[in-house]
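Structure, as structure tokens:
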């Protein structure tokens with residue numbers, strides 16, 4: 001299968017989507033933009049993530065299908081972190097030349113699995129093979145959900161920090177198989193104004209600190225309230241399950257700031273089916289990151305998963 | 001320089017653009033969509049190209065700056081081929097770990113050079129280093145120019161095929177240093193309705209044949225009228241300069257279909273400063289690709305530059 005046959009195969013196996021005015025096969029895709037509200041087009045969300053063999057996955061261990069799934073999932077998670085809805089995905093790949101055909105089809109099926117689950121058309125991309133290892137780059141467009149795009153800079157002193165689900169030990173499997181929290185982020189917006197939001201990719205402390213930096217605030221994390229995953233307890237290394245929950249990356253849960261009264265209500269009513277909301281901290285005017293444990297408060301470093309850069 | 005420092009450097013050296021509502025540094029960029037016309041948002045153009053060391057360039061020979069320039073240029077060329085204007089670019093890179101810092105800055109400067117020349121904000125991306133070779137993936141958003149997006153499927157029997165500039169031998173340098181024909185495509189739309197357009201990346205015959213396939217037509221190319229570049233004459237191999245002009249890839253000139261009366265006027269008036277328009281063929285109802293040379297017509301294969309896939 002050459003490039004043109006592969007593109008033909010993708011075109012044939014791609015359903016028609018009403019908002020994709022021109023799909024794969026021309027110089028550009030043509031997409032219907034976000035709906036017009038009050039005379040203005042809705043803001044367009046754009047995110048892009050590149051996954052590299054040996055850095056973000058080990059192809060020989062996980063196979064191309066799970067790589068494709070993850071490549072789509074991490075981008076959906078970024079749209080979720082803005083409170084948005086996905087609009088169209090663009091997928092570029094560099095395939096190892098020795099096994100391009102099998103990888104290409106499996107990778108595409110993994111991407112499609114999650115794209116279909118989130119009603120996201122794959123509207124274009126670029127397919128290459130080369131002498132290097134597998135690289136997948138997905139760019140995802142989205143539009144706002146029920147609120148304006150939810151940034152990292154909107155937290156206020158006194159706001160509660162809540163997280164979805166449980167944290168830590170994602171390396172045991174969740175980093176590949178997680179569900180991006182698109183639906184949950186939309187449900188939350190119908191419950192309360194979300195002041196700031198991020199998805200937990202670098203680790204709870206590191207990502208919470210991103211909100212602090214952008215909002216010009218500090219945060220007190222409450223050790224006893226951090227939801228520790230079952231996987232964190234199975235890590236069996238020198239670090240405690242709590243440390244894993246606080247610093248492991250790639251859980252792709254949501255961390256978000258809401259007014260304290262909204263936070264209290266959300267934790268009490270637990271409005272999201274099957275996903276627990278936990279109150280893990282309180283934003284404060286004093287800059288820095290603090291951990292409250294056994295009734296004592298101490299400053300901590302916002303360290304988390306280090307990206308393999310430089 | 002780690003990932004966060006690099007992102008900070010990019011943020012600091014990125015000017016504010018009115019249509020980039022949120023730039024690098026949040027979960028997604030937020031872009032103001034195409035203007036509303038007649039109650040509807042204008043269509044959104046999206047293109048993406050991935051460049052890989054050893055396939056699309058040889059880093060050791062050309063250096064990261066020219067790679068960055070080319071990565072932006074090929075995407076701008078795709079927007080030009082739709083008759084569009086660029087809106088915002090997203091740049092993802094996998095940097096070879098042994099030399100990530102120097103490459104990153106030079107690459108970014110090469111990208112910025114062309115982005116600035118075409119008033120295109122770099123609104124986001126993803127930066128990684130890995131054990132593999134350099135990979136750069138750019139996704140470019142755009143909006144329509146003076147006409148609706150110009151597709152490949154609008155050529156009509158009797159239309160003339162015109163090309164900008166001269167063709168062949170781009171491997172001697174133009175494939176790295178070409179100017180994407182954004183301005184020219186906009187000027188052309190003010191001169192005449194463009195029925196179909198493509199940029200010449202696979203080679204004249206291959207790309208012209210893409211228009212034929214999508215429009216359900218055939219094409220007669222006139223050998224004597226194909227504009228042969230000076231570089232094609234310097235190739236010095238078994239193929240003639242005409243063969244180079246017909247089949248070499250990566251000239252990134254425009255090939256477009258217009259009504260015969262418009263074509264004749266464009267060739268006569270040469271309305272584009274410094275860029276010659278040449279009449280290279282006529283679309284016909286009979287499918288296939290034909291070459292007319294010394295008053296005889298014979299069918300030819302639409303072969304061109306083969307993408308290094310499978």
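Read-outs throughout are calculated quantities, based only on the coordinates presented, and are distinct from any laboratory measurement. Given the structure is predicted, the values throughout are model-derived calculations rather than measurements. Cβ coordinates were reconstructed from backbone atoms using ideal geometry, including for glycine residues, and neighbour counts include every protein chain displayed.
Things worth noting here:
- Across peptide B:69-82, the mean count of Cβ atoms from other chains lying within 10 Å of each residue's own Cβ comes to 2.
- Restricting the calculation to Cα atoms, the stretch B:1-156 shows an Rg/Rh of 1.00 when the hydrodynamic-style radius is the Kirkwood one.
- Distances from residue A:119 to itself in the other copies, using label points 7 Å out along the Cα-Cβ axis, amount to 3.7 nm in increasing order.
- Inter-copy spacing of residue B:294 label points, which lie 7 Å from Cα along Cα→Cβ, given in nm from shortest upward: 9.7
- Extension gain, residue A:239 back to residue A:99 (0.36 nm per residue minus Cα-Cα distance, nm): 46.5 nm
- Stretch gain in nm, segment residue B:19-residue B:131, where the contour uses 0.36 nm per residue and the Cα spacing is subtracted: 36.7 nm
- With contacts taken as Cα pairs under 8 Å at a separation of at least 6 residues, chain A carries a relative contact order of 20 percent.
- Simple spin-label estimate for residue B:171 and residue B:259 in nanometres, 7 Å along Cα-Cβ: 4.2 nm
- Cα-projected label distance for residue B:225 with residue B:61, points at 7 Å along beta-carbon direction, nm: 3.5 nm
- Counted residue by residue at 0.36 nm each, then reduced by the alpha carbon distance between them, the extension gain from residue A:106 to residue A:35 reaches 22.1 nm.
- Two numbers describe the Cα atoms of the stretch B:1-69: Rg and Dmax, which are 17.0, 51 Å.
- Average projection, convex hull of the Cα set of the protein assembly as shown: 28.2 square nanometres.
- Other protein chain C-beta atoms within 10 Å of residue C-beta, averaged over B:259-269: 0.
- Listed peptides A:81-91, A:214-224 by packing density, highest first (mean Cβ within 10 Å): A:81-91, A:214-224
- From most to least packed by mean Cβ count within 10 Å, the peptides A:239-245, A:34-40, A:107-113 give A:107-113, A:239-245, A:34-40.
- Take every pair of alpha-carbon atoms less than 8 Å apart whose residues are at least six positions apart; their mean separation over the length of the stretch A:160-299 yields a relative contact order of 45 percent.
- Span from the the stretch B:225-273 Cα centroid across to the the stretch B:30-77 one, whole angstrom: 24 Å
- Scoring B:186-193, A:70-77 by mean Cβ neighbours within 10 Å over their residues and listing the highest first yields A:70-77, B:186-193.
- Equivalent ellipsoid semi-axes, the stretch B:160-299, via Cα gyration tensor eigenvalues times 5, rooted, Å: 21, 19, 13
- Every pair of different Cα atoms in chain B enters the Kirkwood calculation, which places the hydrodynamic radius at 20.4 Å.
- Acute angle (nearest 10 degrees) that the helix A:59-81 long axis makes with the longest principal axis of chain A, alpha-carbon atoms: 60 degrees
- Across peptide B:46-58, the mean count of Cβ atoms from other chains lying within 10 Å of each residue's own Cβ comes to 6.
- Inter-label distance, residue B:190 to residue A:11: 3.4 nm, where each label sits 7 Å from its Cα along the C-beta direction.
- Other copies of residue A:259: label-to-label distances in nm, shortest first, labels 7 Å along the beta-carbon direction: 6.2
- Percent of beta bridges antiparallel (DSSP, the protein assembly as shown, rounded to nearest 5): 75 percent
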